[in-house]
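Written out below as structure tokens is the structure these notes cover.
Read-outs: derived from the displayed coordinates by stated rules, not from any lab. Everything quoted here is computed from the prediction, not taken from an experiment. In this analysis, Cβ positions are derived from the backbone assuming ideal geometry, glycine residues included, and neighbour counts consider all displayed protein chains.
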Amino acid sequence: MLKVQEIRELIKLIDQSQIDEFSYETNGTKVCMKKSGGQVVTEAPAIQETAKKPEPEVKETPEPKQETTKAEESKEETEAKSDYDKEITSPMVGTFYESPSPEEGAYVKVGDSVKQDSVVCIVEAMKLFNEIEAEVSGEIVEILVDDGELVEYGQPLFRVKTS
């Protein structure tokens, strides 16, 4: 099965290339990507299991170009208000969770220090819970999404002031 980082890299490469369609299949996992109107449309991996009914394939439509534009506008407006250097963005479309379970506390809160390998949240996609790492060291200065909120590919989740 492909790792989340490998899927991220594939999406970036396809988005930047002249390729219109891309398919890859290995060990019962299939990844299909197709550009639609200049943007990459990712067909979620279909995993075949004998104990469960196969779920219908879901098409995810990341909009990195539009999100980047909105993020840049938002960044310019908030730079005067907020002091941060980096944003932690969502690597996929899914549901944002601030804690490992409803009974436990959030992974991070405003004012917490994080390291590059610190888990900051979970993004659930197709019943898979993906731990998202900070990938930057510093202090969390702003949390941009609410627990249980749907997030898009490339959407900023946290703002970090690097140390």
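A few remarks follow.
- Residue pairs exceeding 28 angstrom between C-alpha atoms, taken from Lys35/Lys109; Lys30/Lys115; Lys12/Lys86: Lys35/Lys109; Lys30/Lys115.
- Sorting Glu98, Glu133, Glu9 by the number of Cβ atoms found within 10 Å of their own Cβ, with the fewest placed first, yields Glu9, Glu133, Glu98.
- Estimated FRET transfer efficiency (Arg8, Asp83; beta-carbon r; R0 45 Å; 0.05): 0.95
- When the trypsin sites (Lys or Arg not before Pro) in region 84-146 are filtered for DSSP coil states and for at most 12 other beta-carbon atoms within 10 Å of their beta-carbon, the remaining sites are Lys109, Lys115, Lys127.
- Full-extension gain in nm, Ala106 to Glu124, via 0.36 nm per residue minus C-alpha separation: 4.9 nm
- Residues whose placed amide H lies under 5 Å from that of Leu157, excluding near-sequence neighbours: Ile88, Thr89, Ser90
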